[in-house]
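What follows draws every value from the coordinates through simple rules; no lab data is involved. From a predicted model like this one, the values you see are computed outputs, not experimental measurements. Cβ atoms come from the backbone with ideal geometry, glycine included; neighbour counts cover every protein chain shown.
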Amino acid sequence: MRHGWERFAELVPAAIADAVFATLRDPARLVAALGTALATLCHGDAWLVNMALTSDEVVLLDWALATRGPASIDLVAFAVGCASHVDLPREGVLAAAREACRPLVDDPAWDATVFWALCELGWNKALDATTHADPAQRAAAAAELAWWVEQADAALSRNTA
């Protein structure tokens, strides 16, 4: 993880890296922004390996990380970790997630969630972008990191103006 954060600092614009590292040191502002959304039960580990699909529903498995928070957390965590396994472009997955939780999550809380995603897995994307054995996977991770940095930058811009 440490190496991933070192790579992150090398790969992303300094202003974004500084914002992420400041949030990791003191998450109070992020917690407050997320706290403006209606809280619900969150799975906390919304990855495909924790989902079983039936003909008409998704069953979530492994509730060890369950918590209380905005619905956007699980949906964006899924978008970060599993978008490449869904037959939609990344933008489509994130847009579908936004629409799904719109009644429960206002725009500032949504933006906080998008920024949270970079705080949560930025290290992993940066590590894969620089050290993955497969050059195609490195390139894909670099593109995904750049895309998430753009999303986080836009979210930060909307909420600091």
**Message:** Which of G92, G44, G122 ends up with the largest GNM mean-square fluctuation for the chain, with Cα atoms connected below 10 Å?
**Reply:** G92
**Request:** Could you give the size of the charge dipole of the range 1-51 about its Cα centre, using +1 on the Cβ of each K and R and -1 on the Cβ of each D and E, expressed in debye and rounded to the nearest 20?
**Result:** 60
**Asked** So what is the relative contact order for the range 1-135, in percent, with contacts set as C-alpha pairs under 8 Å and at least six apart?
**Response** 36
**Request:** Quick one: compute a quarter of the convex hull surface over the Cα atoms of the range 51-126 and quote it in nm².
**Result:** 5.9
**Item:** Debye, to nearest 20: dipole size of the chain, +1 on Lys, Arg Cβ, -1 on Asp, Glu Cβ
**Value:** 340
**Prompt:** Gaussian network model of the chain, Cα springs within a sub-10 Å range: biggest mean-square fluctuation belongs to which of V76, V93, V58?
**Reply:** V58
**Complete:** Checked against the positive end of the charge dipole of the chain (+1 on Cβ of Lys and Arg, -1 on Cβ of Asp and Glu, about the Cα centre), the farthest of A14, L94, T130 is A14
**Asked** Using the membrane-span-like helix rule (whole DSSP H runs, Cα extent along the own axis of at least 27 Å, mean Kyte-Doolittle hydropathy at least 0.0), which helices of the chain qualify?
**Response** 107-131
**Prompt:** Pick the calculated Kirkwood radius over Cα pairs in Å for this structure from [x] 15.3; [y] 16.3; [z] 17.2?
**Reply:** [y]
